[in-house]
1. Taking the simple approach of a point 7 Å from Cα along Cα-to-Cβ for both Glu55 and Glu89, what is their distance in nm?
2. Quote to one decimal, in nm, the extra length available between Asp113 and Ala28 on full extension: 0.36 nm per residue of separation minus the C-alpha distance between them.
3. Given the -39500 (n - 2.57) contribution per DSSP H run of 4+ residues, what per-residue ellipticity at 222 nm results for the chain, rounded to the nearest 500 deg cm²/dmol?
4. Listing Glu55, Glu140 from the residue with the fewest other Cβ atoms within 10 Å to the one with the most, what is the order?
5. Using unit Cβ charges (K, R positive; D, E negative) and no other charged atoms, how large, in debye to the nearest 20, is the dipole of the chain about its Cα centre?
6. With unit charges on the beta carbons (Lys and Arg positive, Asp and Glu negative) and the dipole taken about the Cα centre of the chain, which residue among Phe133, Thr146, Gly14 sits farthest to the positive side?
7. Once R0 is set to 30 Å, what does the formula 1/(1 + (r/R0)^6) return for the Cβ-Cβ distance between Ala62 and Val35, expressed as a FRET efficiency to the nearest 0.05?
8. In nm, to one decimal, how far is the Ala72 label point from the Leu136 one, both placed 7 Å along Cα→Cβ?
Amino acid sequence: MLEVDLSLVLNEIGMMLQRSQNLQPVLARIGASEVENVRERIQSEKDSPWGNPWEPWADSTAKSRKRKGNDALGLLFDEGDLLRSIRAETHLYGPHGTLDIGSDLDYALYLQDGTEYMPARPFLGWNTHTFPFYELILAEWVEFGTSRDA
């Protein structure tokens with residue numbers, strides 16, 4: 001008869017379950033990555049999280065920005081306030097925690113969703129191409145209690 005001592009395996013599974021109960025470190029890592037993605041969209045990509053280019057400025061806005069001398073910075077970047085306002089916050093609500101990514105600027109909602117007079121230029125949102133990277137971060141956290149930079 002073959003005997004197998006499962007105590008080490010069961011201990012490791014128990015540790016994995018314990019780590020899966022506190023996902024705040026994983027959420028913080030994902031949040032930091034998403035903040036960088038949003039900043040990249042605002043600074044250089046100039047498109048939505050789904051790859052759709054933002055609508056150009058209205059003629060009046062283009063003229064105003066040219067007079068101001070910062071038209072080369074492009075859409076959603078005037079003096080950098082929006083860029084600096086992008087944050088990720090983790091909270092311990094719910095069974096595993098939550099992740100909020102956004103801006104506390106009053107006008108950020110108008111830029112994201114548009115208005116009657118201005119088209120939406122979404123800068124927040126999930127790009128499904130990043131999901132495999134985030135799945136790897138989660139798997140490494142649950143398995144090892146840490147995650148590598150991919």
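Computed from the coordinates by the stated procedures, all read-outs in this text should not be read as laboratory data. Quantities reported herein were computed from a predicted structural model and do not represent experimental measurements. Positions of Cβ are backbone-derived with ideal geometry, glycine not excepted, and every protein chain shown enters the neighbour counts.
1. Result for the modelled spin labels: 3.1 nm.
2. 28.0 nm
3. Result for the chain, helices only: -13500 deg cm²/dmol.
4. With the fewest neighbours first, Glu55, Glu140 line up as Glu55, Glu140.
5. Here the chain has a charge dipole of around 660 debye.
6. Of the options given, the answer is Phe133.
7. Here the calculated transfer efficiency is 0.60.
8. So the two model labels end up 3.6 nm from each other.
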